[in-house]
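Rule-based calculations on the coordinates, nothing more; no lab input. A quick note: this is a predicted structure, and the numbers were derived from the prediction, not measured. Please note: Cβ atoms are built from the backbone with ideal geometry, for glycine as well, and neighbour counts cover all protein chains shown.
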Amino acid sequence: MSNGEQEKATTRGARGGEGAGGVQSVDRAITVLEILAREGHAGVSEVAAEIGVHKSTAFRLLAALEERDLVEQNTDRGKYQLAFGILRLASSIPTRIDLVRQAQPLLDELAAKIDETINIAVVRDQYAVNVQQAMATATVVSQNWVGQLTALHATASGKILLAHMPEAQLEAILQKAGLPKLTPNTITARKTLLAQLAEVRETGFATAHEELEAGLNASAVPIRDHTGAVIAAVSASGPAFRFDDAEIKRTADALRDTGAQISHRMGWLG
């Protein structure tokens, strides 16, 4: 066997060969990339411990990834980090990932699980606008909100979006939109709203109790992009008599999980 053939055979071995073993090695290699993306850098021992393999296996995985310029050793001896090959691959991805397309199956799944209406909202000027929705199957459901502009300060999604935007943008929106009273429960005091937004930033969870419409309650969590920035909010809403405090609390984990899954699809590794 020539030197070139030996080199190719070695590389094939590092990538796990054919069949089930090859699939397992691909899965492990992807996990290695995720570890480095999350941690910034890691040594062979750290990688081996996290994916549950011998150090020699972890080294072969890293060697194969290094050969393709996907990872590289940094100045900290024995540590690996992501390399420029990742950027080459990422450059082929469309500039704007379709949030609606990525999220729709997860919205449908959550709506079926908790039997309430699920929405995704983004900021448009000084409003929140719902860009996609999955309807509940219950007899009494919230109306179709897709495309409608709603007050940021009076909705659960709007509070998520306000809480995570830059201070200058928040101030500009509050100056322009004000805090109009839409129901007896709408927050109209700036100090009260800012205190609530601080809590939302801390917990990553927002609620609205009949603040936009009488008889309508909602809860929401953030959706993040690959940088960790909040780009949207996913909410659950329903009639106040059914989607009360107890139900909001009962469904909170499912809503949080959906937000995290959508965020993961948008590139967030947090």
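Tabulated data for the structure shown
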quantity: Sorted by Cβ neighbour density within 10 Å, fewest at the top, the residues 207, 155, 137; calculated: 137, 207, 155
quantity: Exposure proxy order (Cβ contacts within 10 Å, fewest to most) of 235, 263, 56; calculated: 56, 263, 235
quantity: Charge context of residue 36, other residues only, Cβ under 12 angstrom, K/R +1, D/E -1; calculated: -4
quantity: Order by protection proxy (mean Cβ within 10 Å, highest first), peptides 169-180, 240-251; calculated: 240-251, 169-180
quantity: Members of 191/249; 159/181; 159/249; 55/79 lying beyond 24 Å, as alpha-carbon distances in this model show; calculated: 191/249
quantity: In order through the range 162-175: 3J(HN,Hα) via Karplus (6.51 cos²θ - 1.76 cosθ + 1.60), integer Hz, x for Gly, Pro; calculated: 5, 5, 10, 8, x, 4, 5, 5, 4, 5, 5, 5, 5, 5
